[in-house]
Amino acid sequence: MIAAAALRIWGIGYGLSTTLTHPDEGAVFSVALRFFGRNLNPAFFDWPSLFMYAVAAAFVVYFNIGRMVGWFGREASFIATATTHPAPLFLIARALSAAAGIATVGITYRVGVHLFDRTTALVAALFLAVAALHVRESHLGLTDVAATCLLMASFLYIVRYWRSGLRRDALLAALLGGLAASTKYNAVIVTVPLFWAIASRERSDGRTSRVRLMAICAFVAASAFAAGTPYALLDASHFVAALREVGGHLRRGHMALAGYAWQTHLTSSLRYGLGLPMLVAGLGGMGLLVFRSTREGTLFLLCPVAYFAVIGAGQTAFARYILPTIPFLCLGGAFLVTELARTISRWSSRPAAAPVLAIIMAALVAAPSLWSAIETDRLLQRVDNRLLAAAWLRENFQDGASLFQTGSSYGHLQMQKEGFVRDLRYSEVPIDATPAPDVIVVLRCPLGYCDVPAGLNRTLSGYVPLIAFVAARLDDPELVYDRDDAFFVPLAGFRAVTRPGPNVEIYGRQADAR
C-alpha cells in the first residue's frame, strides 16, 4: 500500500497552474464548482454525477477550513478565487482519484483472499500497485479510477455472496454496483456477475426466492445510481440525449479512427499499461482458472469479458476506458504466478518455499510495469513544455502579441494572467488574419491534436524561427501515446521524452521578430 500511494502521489501536481494539461479535468472542476454554488443540476451528462458531487463536497470542506484560517471570506470570494487560482481545487479532485486508486489495491487484495488465498492476494495487490496505466490515471481528477474502485468493491461482495450465500452481501454488491455506474456508466456491467451468482449459486434458495432477490438487487442498484445522479430522473430529456451522444461517440471513434477499440486496448492500452509479462500472465491465469473450475472461472470472467466486449465494440479507445479490467488481469496473473510457484516447489520437494518463490516471480513479472510507472511519474514531476514556451512568450513579448497556434486548443499554450483569467495582451487570431499574426506557434506531436493547416510552410516563409522547445524525439519508433487522449505523456518510449507536452516551435514576423 505504501508503494501504491507513493507511485500515485508522486507528480500529482502535474501541469498546474495551466488548466488544460488534461482537458477533461476542466469538466469535473466546472461541474463541481457549479454544485458548490448550490446549483445541483450538472447540466452535463457525458459522465454520471457522483464523482463530481464528491469533489464538490471536498470543496466545501476546503472552503470551511480556509474560512477558519482566513483564506476566504464568503462563498462568492471562494468562487472568485477558484477562477484566478484553481490549482488547489484541481489538486483536491486529483487527491480523491489517487485515494480511490490506492483503495482499489486494498480491495483487490481482499478479493484475492476470498477467491484464492493470501499469497495470491498479495501478488495481485503488488501487480495493481505498480500497474502503469492505473498509476498514471490515478494522478488525474477524472471519474475512471473512482468507478473502478467502486466496481471492485461491488465485485468483492459478489465473491462474498458466492461463498456465504448471505443476502446482505448481494445487496451490498448491488448498492456498490449502482454507485459505480453513477460514477461511470459502463461500470454497470459489474451487475452481470451479481445476477449470475444469484441465479446459479449452489445451495441457494428456490427459484422464486432467487428471482425475488434479483429484483431487489436491481432496485437497490437503480436506487443507488439515482442517488448519485439524481438529475438522470429530474432532467431526463437531457440525460437521455447525452446517453445517445455518448453511445454514438463510442461507436464512431474520437480522433484516430484506427479500427475497433478492442484491438487498440490489447496492443496498446493493456500492452503498455500493464507490460507484456503481466498482461500475458493475466490472460493465462484467467484461462487456468476456467480450466480448474468452470463455475468460479465464469464468475470471475463475466465482468471483465463483458466489459471488454462492450468497450471494445466501438472505435473510441481512450486508454483509461480499459481501467476496470486491470484489477481482474492482476488477479488472474497472480493466480498463474502463484500456481506456477507451487508447482515448481513441489517438483523440487520444497513446498514451503512456494510463497517466497511466488513473490520473486511476481517481482520479475511486474518489473516492466513498475519501470513504466516510475518513468511516468518522473515526467509528471517535470514542467510541461507548453508552460515553458508560454513563459518565454511573456518574457519576450511583454507588450503583447497576436498569436496563431496550430492544432487543437487542447494542446495550445495558455496565455492567462492567472487561472482562467485570460491575458488580453495575447489575442488568438486565424492564420489568414489581417494584419498577419505577430507570432505563429507550431505544435508537433504524433497525435491528431497537433495537425497543421495546409499551406503552413508558405505562410512561414514570411516569418523567422525564434525558438523551439523540444519535449520528445518524435521519430523514435518506441514512442507510443494514447491515440485518442489529449494527454501528452507517453505510454511507452520514455527514453525519447524529456518532459510532458508537445514540441513547440515559435516563429515571429520578419519585420518585427525579436
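The values are calculated or read from the model by the stated rules, or taken from the named source; none is laboratory data. Keep in mind the model is a prediction, meaning the values are calculated, not measured. Don't worry about glycine lacking a Cβ; one is built from the backbone with ideal geometry, like all the others, and counts go over all protein chains shown. Please note that ligands, DNA and RNA were not included when accessible areas were found on the heavy atoms of the full protein model with its side chains. Shrake-Rupley method; radii C 1.70, N 1.55, O 1.52, S 1.80 Å.
Here are a few things to note about the model shown:
- Any hit, the range 285-296, residues being small (Gly, Ala, Ser), within 30 Å of ALA54 (Cα to Cα) and surrounded by 15 or more Cβ atoms within 10 Å (Cβ to Cβ): no
- Which numbered condition PRO86 misses (of (1) in contact with a helix residue (DSSP H, G or I) (Cβ under 6 Å, 6 or more places away or on another chain); (2) open to solvent by less than 50 Å² (accessible area, probe 1.4 Å); (3) of a type outside the set (Ser, Thr, Tyr)): (1)
- Going through (1) open to solvent by 50 Å² or more (accessible area, probe 1.4 Å); (2) closer than 30 Å to MET361 by Cα; (3) β-branched (Val, Ile, Thr) one by one, THR264 falls short only on (1).
- All positions within the range 481-496 that are open to solvent by 30 Å² or more (accessible area, probe 1.4 Å) and either assigned to a strand (DSSP E or B) or over 25 Å from TYR321 (Cβ atoms) (or both): ARG495
- Verdict on LEU126 being open to solvent by 20 Å² or more (accessible area, probe 1.4 Å) and farther than 26 Å from TYR272 by Cα: no
- Pair list, Cβ under 9 Å, 6 or more apart: the range 209-237 residue over 11 Å from PHE195 (Cα atoms), other residue of a type in the set (Asp, Glu): ARG212/ASP205
- Pairs are defined by a Cβ separation below 8 Å, a sequence spacing of at least 6 or placement on different chains, a first member in the range 96-116 that is in contact (Cβ under 8 Å) with a residue 60 or more places away in the chain, and a second member that is crowded, with 24+ Cβ neighbours inside 10 Å and among the aromatic types (Phe, Trp, Tyr); the pairs so defined are VAL111/PHE155; LEU115/PHE300; PHE116/PHE335.
- Among the conditions (1) open to solvent by less than 30 Å² (accessible area, probe 1.4 Å); (2) within 21 Å of TRP392 (Cβ to Cβ); (3) in a loop (DSSP other than H, G, I, E, B), the only one that ARG499 does not satisfy is (1).
- Residue tally, condition open to solvent by less than 30 Å² (accessible area, probe 1.4 Å), closer than 27 Å to ALA181 by Cα and not β-branched (Val, Ile, Thr), over the range 8-26: 5
- Residues satisfying the stated conditions in the range 136-195, i.e. of a type in the set (Asp, Glu) and either within 23 Å of SER30 (Cβ to Cβ) or not in a helix (DSSP H, G or I) (or both): GLU137, ASP144
- Scope the range 431-458; condition assigned to a helix (DSSP H, G or I), within 24 Å of the chain's Cα centre (by Cα) and among the hydrophobic types (A, V, I, L, M, F, W, C); matching residues: CYS450
- Scanning the range 205-214 for residues that are open to solvent by 30 Å² or more (accessible area, probe 1.4 Å) and either within 14 Å of CYS303 (Cα to Cα) or in contact with a Leu (Cβ under 9 Å, 6 or more places away or on another chain) (or both) yields ASP205, MET214.
- Only residues that are touching a residue at least 40 places away in the same chain (Cβ under 8 Å) and either open to solvent by 10 Å² or more (accessible area, probe 1.4 Å) or hydroxyl-bearing (Ser, Thr, Tyr) (or both) were counted across the range 151-191, and they come to 18.
- Residues of the range 393-423 that turn out to be closer than 29 Å to ALA492 by Cα, more than 19 Å from the chain's Cα centre (by Cα) and not small (Gly, Ala, Ser), as a count: 5
- Residue within the range 92-99 that is surrounded by 24 or more Cβ atoms within 10 Å (Cβ to Cβ), part of a helix (DSSP H, G or I) and of a type in the set (Val, Ile, Thr) present: no
- Failed condition for GLU478, given (1) modelled with pLDDT of 90 or more; (2) assigned to a helix (DSSP H, G or I): (2)
- Among the residues of the range 453-468, not a single one is in contact with a Pro (Cβ under 7 Å, 6 or more places away or on another chain), surrounded by 13 or more Cβ atoms within 10 Å (Cβ to Cβ) and not basic (Lys, Arg).
- Complete set of residues in the range 224-245 that are under 16 Å from THR183 (Cα atoms) and open to solvent by less than 50 Å² (accessible area, probe 1.4 Å): ALA224, PHE225, ALA226, GLY228, THR229, PRO230, ALA232, PHE239, ALA242
- Index of the failed condition, GLY66 passing every other in (1) farther than 29 Å from ARG378 by Cα; (2) open to solvent by 30 Å² or more (accessible area, probe 1.4 Å); (3) of a type outside the set (Ser, Thr, Tyr): (2)
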